[in-house]
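Inspection log for the structure reproduced underneath, given as structure tokens.
The values are calculated or read from the model by the stated rules, or taken from the named source; none is laboratory data. Values in this document were obtained by computation on a predicted structure and should not be read as measured data. Note: ideal-geometry Cβ built from the backbone for every residue, glycine included; neighbour counts use all protein chains shown. We work out accessible area using only protein heavy atoms, side chains counted, and drop any ligands, DNA or RNA first. Shrake-Rupley method; radii C 1.70, N 1.55, O 1.52, S 1.80 Å.
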Amino acid sequence: MSQFQKTDLKALSGDFFTRLGKEWMLVSAGDAHSFNTMTASWGGIGVLWNKNVSFIFIRQSRHTMQFLDSNDYYSLSFFNGKMMKELTFCGKNSGRDVDKMKETGLIPVFDEKAPAFEQAELVLICKKLYKQPMDAGCFLDKELPDRFYADNDWHETFVGEIVDVLIRP
């Protein structure tokens, strides 16, 4: 991934509320032989267990789930509000059914940990630390399960330690 340079997480600037909620990200896992990516707009960045971490939420039905389950690392690729058409496609279409790279022109790049995308402005490489299925009984706001999980397609929560921060020079 020579088009990126490593930097320290503390060097990052910007609003992660905007990056995640409005500009979205691609969550990717796998290797050069087999990988998948999906668009996500729910997640977070923070500190847990004295580590800099990301929080992602992936529905059990998503094709990307099998890649997250079978790999130790995942990446979060950010595009600074560019490529929204491509990210929309990756969110609405499954890698089971279509070749997302062919359809969008996204160019995957690989290191020994996780795939990312040449067009990204920022990539966080994360090592999985924790996974937990969401449970209807744990919701304090009892309206949320009916609103977001009426079809019983629950999210799984992943916490990953941010081990590499890659930026476009």
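Condition (residue is open to solvent by 20 Å² or more (accessible area, probe 1.4 Å) and either among the aliphatic types (A, V, I, L, M) or over 24 Å from residue 23 (Cβ atoms) (or both)) applied to the stretch 116-126: is it met by at least one residue? For the stretch 116-126, residues open to solvent by 20 Å² or more (accessible area, probe 1.4 Å) and either among the aliphatic types (A, V, I, L, M) or over 24 Å from residue 23 (Cβ atoms) (or both): absent. Of the conditions (1) among the polar types (S, T, N, Q); (2) on the phi > 0 side of the Ramachandran plot; (3) in contact (Cβ under 8 Å) with a residue 60 or more places away in the chain, residue 157 clears all except one; give me its number. For residue 157, the failing item is (2).
Of everything in the stretch 72-99 that is hydroxyl-bearing (Ser, Thr, Tyr) and more than 12 Å from the chain's Cα centre (by Cα), the residue that is least open to solvent (accessible area, probe 1.4 Å) is 94.
Of the residues making up the stretch 118-144, those that are among the hydrophobic types (A, V, I, L, M, F, W, C), under 16 Å from the mean Cα position of the chain (by Cα) and under 19 Å from residue 65 (Cα atoms) are 124, 125, 126, 129. Residues in the stretch 50-71: is at least one among the small types (Gly, Ala, Ser), without any contact (Cβ under 8 Å) to a residue 60 or more places away in the chain and open to solvent by less than 50 Å² (accessible area, probe 1.4 Å)? There is no residue in the stretch 50-71 that is among the small types (Gly, Ala, Ser), without any contact (Cβ under 8 Å) to a residue 60 or more places away in the chain and open to solvent by less than 50 Å² (accessible area, probe 1.4 Å).
Considering the stretch 51-98, the residues that are assigned to a strand (DSSP E or B) and of a type in the set (Phe, Trp, Tyr) include one that is farthest from residue 167 (Cα to Cα), namely 57. Scanning the stretch 114-144 for residues being closer than 25 Å to residue 3 by Cα and either of a type in the set (Ser, Thr, Tyr) or outside any strand (DSSP E or B) (or both) gives a total of 5.
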